[in-house]
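For reference, the structure discussed in these notes is given below.
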Amino acid sequence: MKLGVVIFPGSNCDRDLIETLSDVSGQEVVELWHKDTDLKGVDMVFIPGGFTYGDYLRTGAIAKLSPIMQSVIAHAEKGGFVMGICNGFQILCESGLLPGALLRNTNMKFECRNIFLKPVNTNLIITAKLDKNKAYKVPIAHGEGRYYADADTLKKLEDNQQVVFRYCSESGEIDEASNPNGSLNNIAGICNEGRNVFGMMPHPERCSSSLLGNTDGRLIFESIIERAGVLS
């Protein structure tokens, strides 16, 4: 199994993600430059957070035009695994690999703090080791993290169990007070119909080491690596 992380101008979470994936998988992680089209034989593609192209126009709007994204889209269409975190989630929505969009936070402020997540569907490659009844502490850092989709798309996501994470309180309550950005239905992460493309706004790579005082995010990467081994 070979893992790759796409790097754009303005990516600032790529190194954290590379080190986390390498630590969890025990393998070297390939760096994929945005101007290339060769995915270098990776089985899994990860798109990190950051501020690609300075977030000009809108988040992810320019990054989706990078040459590498055509290869990422082709990889996903063949059933290959793709995961976007924060800005990566925004890029996947802009690229059409995930439905909906990420809009400005309702308070019009950049939110950088710990929040709590509750997994909605634990039958997925990224949630296999998570407990539906537990709230996980994971940091956020975004100004445009408010998930939005039209009513029909939102209903389809809910009916198809494509909502992966919701924002919740420390005790696991899903309510307005625990929603940091105004996302519809407290949505913090989703997947596509094929269950091979995933996007989430919080940063699990920033809470995957005991040195950081929090390892809740590590469970997500352990789920991916272990389930991928089972599936392969």
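Structural remarks
- Restricting attention to the stretch 210-232 and to residues that are at pLDDT 95 or above and polar (S, T, N, Q), the residue that is surrounded by the most Cβ atoms within 10 Å (Cβ to Cβ) turns out to be Ser223.
- In the set (1) over 15 Å from Gly199 (Cα atoms); (2) in a helix (DSSP H, G or I); (3) free of Cβ contacts under 8 Å to residues at least 60 places away in the same chain, Met108 fails one condition alone, (2).
- Residue tally, condition of a type in the set (Ser, Thr, Tyr) and either more than 19 Å from the chain's Cα centre (by Cα) or at pLDDT below 95 (or both), over the stretch 154-171: 2
- Any pair with Cβ under 7 angstrom, 6 or more apart, that starts in the stretch 154-176 at a residue that is without any contact (Cβ under 8 Å) to a residue 60 or more places away in the chain and ends at one that is assigned to a strand (DSSP E or B) and of a type in the set (Gly, Ala, Ser): Val164/Gly189; Phe165/Ala188; Phe165/Gly189; Arg166/Ala188; Tyr167/Ala188
Residues checked against (1) out of contact with any helix residue (DSSP H, G or I) (no Cβ under 7 Å at 6 or more places or on another chain); (2) more than 20 Å from Ser11 (Cβ to Cβ); (3) small (Gly, Ala, Ser); (4) assigned to a loop (DSSP other than H, G, I, E, B):
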residue	(1), (2), (3), (4)
Lys156	yes, yes, no, no
Gly172	yes, yes, yes, yes
Asn181	yes, yes, no, yes
Gly199	no, no, yes, no
Glu205	no, no, no, no
Phe221	no, no, no, no
Ile225	no, yes, no, no
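- Restricting the stretch 92-105 to residues that are touching a residue at least 60 places away in the same chain (Cβ under 8 Å) and over 16 Å from Gly182 (Cα atoms), the residue that is surrounded by the most Cβ atoms within 10 Å (Cβ to Cβ): Leu92
- Checking Gly189, Gly194 one by one, the residue that is at pLDDT 95 or above and either in a loop (DSSP other than H, G, I, E, B) or more than 12 Å from the chain's Cα centre (by Cα) (or both) is Gly194 and no other.
- Qualifying residue in the stretch 105-114 (condition: under 21 Å from Lys155 (Cα atoms) and at pLDDT 95 or above): no
- Here Leu124 meets each of (1) within 30 Å of Met108 (Cβ to Cβ); (2) modelled with pLDDT of 95 or more; (3) aliphatic (A, V, I, L, M) with one exception, condition (1).
- Verdict on Asp16 being acidic (Asp, Glu) and part of a loop (DSSP other than H, G, I, E, B): no
- Taken over the stretch 26-51, the criterion of being farther than 21 Å from Cys86 by Cβ, touching a strand residue (DSSP E or B) at 6+ places or on another chain (Cβ under 9 Å) and surrounded by 14 or more Cβ atoms within 10 Å (Cβ to Cβ) is satisfied by Leu39, Asp43.
- Selection of first residues in the stretch 113-140 that are within 20 Å of Met44 (Cα to Cα) and of second residues that are among the β-branched types (Val, Ile, Thr), restricted to Cβ pairs under 6 Å at least 6 apart or on distinct chains, gives the following pairs, ordered by first then second residue: Ile125/Ile224; Ile126/Ile220; Ile126/Ile224.
- In the stretch 8-64, the residues that are among the β-branched types (Val, Ile, Thr), in contact with a Gly (Cβ under 6 Å, 6 or more places away or on another chain) and over 22 Å from Asn196 (Cβ atoms): Thr52
The values are calculated or read from the model by the stated rules, or taken from the named source; none is laboratory data. Here the structure is a predicted model, which means the values were calculated and not measured. Note that we place each Cβ from the backbone using ideal geometry, even for glycine, and neighbour counts take in every protein chain shown.
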